[in-house]
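**Q** Got a structure for you, questions after.
The values are calculated or read from the model by the stated rules, or taken from the named source; none is laboratory data. What you see is a predicted model; the values in this text were computed from it and never measured. Cβ sites come from the backbone with ideal geometry, for glycine too, and all protein chains shown count toward neighbours.
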Amino acid sequence: MLAKRIIPCLDVDKGRVVKGKKFQNIRDVADPVELAQRYNQAGADELVFYDITASNEDRNIFLDVVEKVAAEIAIPFTVGGGIRTIVDVHSVLRSGADKVSINSAAVTNPDFIQEAAWKFGSQCIVLSIDAKKTAPEQWQVYINGGRKNTGIDAIEWAKQGEKLGAGEIVINAIDVDGEKNGYNIELTKAIAQSVNIPIVASGGAGINDHFVSVLQEGNADAALAASVFHYGEIQISELKNHLYGNGITVRRGN
Amino acid sequence: MITIIDYGAGNIKSLQFALTKLNLESCVTTDKATIKSSNAIILPGVGAFKDAMDALEQLELTETLKNQANSGKPILGICLGMQLFYETSFEDGEWNGLGLLKGNVKRISSKVKVPHIGWNTVKLHKVNPITDHVNNHSYVYFVHSYAIDTYQDDTLIGSTEYGGKVPAIVQKDNVIGMQFHPEKSGETGLQLLRNFGEMIS
């Protein structure tokens, strides 16, 4: 039976994993390759790396990191952040990533998703959606790191993304991100019911039960989280046991 | 030495890294002479069936691959690479494959989410050297929208359940196919590649 996936997410800047803004005092999270190995051994099902650097020079350092990660771990990983052109997709995949995650560039140019899916296959094109609640049962798509409201309905955008050829959707609920009060179940469920491709929930994980809720009630196929894993608040093996105990199919051990 | 056929599709680097980890020497190539002089061949692949067959045609590799397979050299097809071994695919049309294995390729049932992405278990149907030291119902990583639909029963080594029975590992003599990605399937996947390495004389 297909297992639900647990996916740690790493923000990488100038070749180093960086902490979220709210966390000032953590220094042990540093080398992305080392951290990737640690998560691989701990039983993570997949990893996501977000390149949060801007300059071209730093981008080359990042591609170098991607290659080193690919050499060390035998689980799939996705690369996101600043993927804007077919050349970007190609260079990231060629460096050893399995999937690319496309966010703002897909909104400003939907054809990009189609072209990338056509060229590299749907299975490696992930549409990442940042959504924020604007009215009851209504969410709109934000871009540029959550700063700009596009006015596009998130559910409609997810449906369109599937049509354009995205193989998977990551739904990041901006309202709850970083709050550790749980995933946005309502939004995740609404998207999961609207499309027939896998859904990855992102934003809000704080405790083990949050994962249970989003994978069961939220109908998510996978749950992504960052800080709870980086700071050791949740151990992946314990989380998997907890999910298993709640009747959720997960892959335990390696 | 194992030659990995590079026809422009997918993440070949991870496969090569995995082989290196297992001390299996490999090279990524499209050169016929190199392929002929190698001990084994891996046909990787993600993307569309027709594009892949067109690419192999353009590189004039279809005959080479058929001849090499018929000569008894171990050949492993991964994901789309496995599908290319079959006679026909119904991916957006009807296309001929390499015909090394009897059967065809069809889209996964729309009763389930497509693509089939993630870790799924493999039920082993019979004892085979390719699955040595691999436990029944081990998890491996799948990413595909199409799957083998018809096949010869005696070629089925392992299957998974996703909208029906999906062939996961097939084998006929020296020809082996894996629908999942062994290079992305943790220790289980590495063991399967190690077993493939054992087939190489």
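**Q** So, residue A:132, is that one of a type in the set (Lys, Arg), more than 14 Å from chain B (Cβ to nearest Cβ), in contact with a strand residue (DSSP E or B) (Cβ under 7 Å, 6 or more places away or on another chain) and buried (at least 17 other Cβ atoms within 10 Å of the Cβ) or not?
**A** Working: of a type in the set (Lys, Arg): yes; more than 14 Å from chain B (Cβ to nearest Cβ): yes; in contact with a strand residue (DSSP E or B) (Cβ under 7 Å, 6 or more places away or on another chain): yes; buried (at least 17 other Cβ atoms within 10 Å of the Cβ): yes.
Yes: the conditions hold for residue A:132.
**Q** For segment B:138-152, name all the residues that are over 26 Å from residue A:167 (Cα atoms) and assigned to a loop (DSSP other than H, G, I, E, B).
**A** Within segment B:138-152, the first condition is being over 26 Å from residue A:167 (Cα atoms), and the residues that meet it are B:151-152.
Selection gives B:152 alone.
**Q** Something else about it: Is it fair to say residue A:176 is among the β-branched types (Val, Ile, Thr) and surrounded by 24 or more Cβ atoms within 10 Å (Cβ to Cβ)?
**A** no
**Q** Looking at (1) within 14 Å of chain A (Cβ to nearest Cβ); (2) in contact with an Asp or Glu (Cβ under 8 Å, 6 or more places away or on another chain), can you tell me which one residue B:129 breaks?
**A** Among (1) within 14 Å of chain A (Cβ to nearest Cβ); (2) in contact with an Asp or Glu (Cβ under 8 Å, 6 or more places away or on another chain), residue B:129 violates only (1).
**Q** Consider residue A:185 carefully, then state whether it is surrounded by 17 or more Cβ atoms within 10 Å (Cβ to Cβ) and in contact with a strand residue (DSSP E or B) (Cβ under 7 Å, 6 or more places away or on another chain).
**A** no
**Q** Moving to a separate point now. Across segment B:150-192, what is the number of residues that are closer than 18 Å to residue B:46 by Cα, within 11 Å of chain A (Cβ to nearest Cβ) and of a type in the set (A, V, I, L, M)?
**A** Residues in segment B:150-192 being closer than 18 Å to residue B:46 by Cα, within 11 Å of chain A (Cβ to nearest Cβ) and of a type in the set (A, V, I, L, M): 1 in total.
**Q** Looking at segment B:1-56 only, could you name the residues that are surrounded by fewer than 22 Cβ atoms within 10 Å (Cβ to Cβ), more than 12 Å from every other protein chain (Cβ to nearest Cβ) and under 19 Å from residue A:89 (Cβ atoms)?
**A** B:55
**Q** Residues in segment B:63-73: is at least one within 14 Å of chain A (Cβ to nearest Cβ), of a type in the set (A, V, I, L, M) and at negative phi? Reasoning before the result, please.
**A** Filtering segment B:63-73 for residues within 14 Å of chain A (Cβ to nearest Cβ) gives none.
No - not one qualifying residue is present in segment B:63-73.
**Q** Something else now. Can you report the number of residues in segment B:142-187 which are in contact (Cβ under 8 Å) with a residue 40 or more places away in the chain and among the basic types (Lys, Arg)?
**A** The number of residues fulfilling the criteria is 2.
**Q** When you scan segment A:111-127, do you find a residue that is of a type in the set (Ser, Thr, Tyr) and buried (at least 17 other Cβ atoms within 10 Å of the Cβ), even just one?
**A** Checking segment A:111-127: at least one residue is of a type in the set (Ser, Thr, Tyr) and buried (at least 17 other Cβ atoms within 10 Å of the Cβ).
**Q** Just need a number here: residues in segment A:135-149 that are surrounded by fewer than 23 Cβ atoms within 10 Å (Cβ to Cβ) and outside any loop (DSSP other than H, G, I, E, B).
**A** 6
**Q** Given the options B:135, B:120, name the one that is assigned to a loop (DSSP other than H, G, I, E, B), polar (S, T, N, Q) and either under 24 Å from residue B:194 (Cβ atoms) or touching a helix residue (DSSP H, G or I) at 6+ places or on another chain (Cβ under 7 Å) (or both).
**A** Details: B:120 fails: assigned to a loop (DSSP other than H, G, I, E, B).
That would be B:135, the only listed residue that is assigned to a loop (DSSP other than H, G, I, E, B), polar (S, T, N, Q) and either under 24 Å from residue B:194 (Cβ atoms) or touching a helix residue (DSSP H, G or I) at 6+ places or on another chain (Cβ under 7 Å) (or both).
**Q** Give A:112, A:120 a once-over and let me know the one that is within 14 Å of chain B (Cβ to nearest Cβ), of a type in the set (A, V, I, L, M, F, W, C), in contact with a helix residue (DSSP H, G or I) (Cβ under 9 Å, 6 or more places away or on another chain) and without any contact (Cβ under 8 Å) to a residue 40 or more places away in the chain.
**A** A:120
**Q** Further question: Among the candidates A:179, A:186, A:162, which residue alone is in contact with a helix residue (DSSP H, G or I) (Cβ under 9 Å, 6 or more places away or on another chain) and of a type in the set (Asp, Glu)?
**A** Sole residue among the options that is in contact with a helix residue (DSSP H, G or I) (Cβ under 9 Å, 6 or more places away or on another chain) and of a type in the set (Asp, Glu): A:162.
**Q** Just give me the residues in segment B:132-141 being touching a residue at least 24 places away in the same chain (Cβ under 8 Å), touching a strand residue (DSSP E or B) at 6+ places or on another chain (Cβ under 7 Å) and either more than 8 Å from every other protein chain (Cβ to nearest Cβ) or surrounded by fewer than 24 Cβ atoms within 10 Å (Cβ to Cβ) (or both), in sequence order.
**A** Selection gives B:138, B:140.
**Q** Something else: Please find, among A:115, A:57, the residue that is of a type outside the set (Phe, Trp, Tyr) and modelled with pLDDT under 90. Steps first, please.
**A** Values: A:115 fails: modelled with pLDDT under 90.
Within the list A:115, A:57, the selection yields A:57.
**Q** If you don't mind, there's one more thing I want to ask. With the requirement that a residue be facing chain B (nearest Cβ under 9 Å) and part of a helix (DSSP H, G or I), what does segment A:47-98 give you?
**A** Listed by number, the residues that qualify are A:67, A:70, A:71, A:72, A:93, A:94.
**Q** Further question: If you scan segment A:174-217, which residues turn out to be more than 20 Å from residue A:246 (Cβ to Cβ) and among the β-branched types (Val, Ile, Thr)?
**A** Listed by number, the residues that qualify are A:174, A:176, A:191, A:195, A:197.
**Q** (1) closer than 20 Å to residue B:200 by Cβ; (2) crowded, with 23+ Cβ neighbours inside 10 Å; (3) more than 14 Å from chain A (Cβ to nearest Cβ): which one isn't true of residue B:105, the others all being true?
**A** Among (1) closer than 20 Å to residue B:200 by Cβ; (2) crowded, with 23+ Cβ neighbours inside 10 Å; (3) more than 14 Å from chain A (Cβ to nearest Cβ), the lone unmet condition for residue B:105 is (1).
**Q** Take segment B:153-175 and flag every residue that is polar (S, T, N, Q) and not in a strand (DSSP E or B).
**A** Passing the criteria: B:155, B:174.
**Q** Still on this structure: Being outside any helix (DSSP H, G or I), closer than 26 Å to residue A:84 by Cα and within 16 Å of the chain's Cα centre (by Cα): is that true of residue A:152 here?
**A** Answer is no for this residue.
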